[in-house]
1. Within region 32-63, how many residues are part of a strand (DSSP E or B) and either of a type in the set (Asp, Glu) or at positive phi (or both)?
2. Considering only region 174-200, how many residues are at pLDDT below 90 and closer than 30 Å to ILE156 by Cβ?
3. Restricting to region 163-206, what's the tally of residues that are of a type in the set (A, V, I, L, M, F, W, C), in a loop (DSSP other than H, G, I, E, B) and buried (at least 16 other Cβ atoms within 10 Å of the Cβ)?
4. Among the residues of region 141-157, which ones are part of a strand (DSSP E or B), under 21 Å from the mean Cα position of the chain (by Cα) and surrounded by 12 or more Cβ atoms within 10 Å (Cβ to Cβ)?
5. I want to confirm something. Restricting to region 77-105 and keeping residues that are loosely packed, with under 13 Cβ neighbours inside 10 Å and farther than 16 Å from MET33 by Cβ, which single residue is modelled with the highest pLDDT?
Amino acid sequence: MKKIILTLFTISAAVMSCKKDTAIPVTDSVKYMSYTVNSTWNYEVINSLTATTTNYTLTSTSRDSTVNSKAYHVFTNSSGSANEYYILAGNDYYKFQNLPANLSGNPIENIYLKDNVAVNASWNQTYIVTASGVPLTITTVNTIAEKGISKTVNSIAYTDVIHVISTLSVSAFGMPLPAGAITTDVQTYYAKKYGMIQSKNKININYSGIVSNTDEQTFLKSSDIK
């Protein structure tokens with residue numbers, strides 16, 4: 001169960017291979033992501049539990065891949081993780097990835113942001129998987145906590161920022177896990193043009209003898225948007 005919950009918040013999940021397509025999404029600097037070729041984002045990840053800090057660079061390539069009739073743009077990750085696939089469809093921001101093998105390896109499309117949703121409104125996503133022979137229904141609820149705010153990250157002031165809070169629930173054999181088994185504090189901030197500028201993933205699990213804690217934050221240190 002521990003691996004099941006933590007996996008949902010892993011940024012560097014493996015991404016499946018997709019059919020090559022020549023169309024590249026049009027760059028729109030007023031949106032909450034840029035797809036311009038050779039744009040880079042330098043991130044710092046701080047793990048409060050292990051007191052370790054790591055860094056990685058996300059780079060926009062000249063490639064894209066078609067998935068479910070959508071042309072996902074390809075980004076490389078300098079940490080050695082699999083490529084990351086993103087697309088903006090209308091006002092919906094998607095990330096495409098495969099769940100790990102212990103969750104059946106199912107491919108999923110995750111809507112991580114809706115820039116036209118009002119404050120306090122939310123959207124749900126449900127994933128049905130099987131882990132160790134147990135059928136699981138995993139639901140994430142993403143809520144717009146703030147819009148149009150200013151936020152300073154690494155001494156850089158960003159405007160037109162959207163703050164998203166995400167919560168998670170799990171059901172096994174159709175029955176929800178008891179209250180308190182999983183507690184989450186997952187918050188993400190997105191700035192126009194720059195995308196994600198800060199995220200917080202704090203997840204506590206205490207269920208059926210499994211006790212696990214995650215406390216990690218990611219910050220945008222610098223970027224070069226072409």
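The values are calculated or read from the model by the stated rules, or taken from the named source; none is laboratory data. For clarity, every value in this text was computed on a predicted model and none was experimentally measured. Ideal geometry is used to build each Cβ from the backbone, glycine not excepted, and the neighbour counts take in all protein chains shown.
1. Counting residues in region 32-63 that are part of a strand (DSSP E or B) and either of a type in the set (Asp, Glu) or at positive phi (or both) gives 1.
2. The total comes to 1.
3. 2
4. Scanning region 141-157 gives VAL141, ASN142, THR143, ILE144, ALA145, GLU146, LYS147, ILE149, LYS151, VAL153.
5. Looking at the filtered set, the residue picked out is GLY80.
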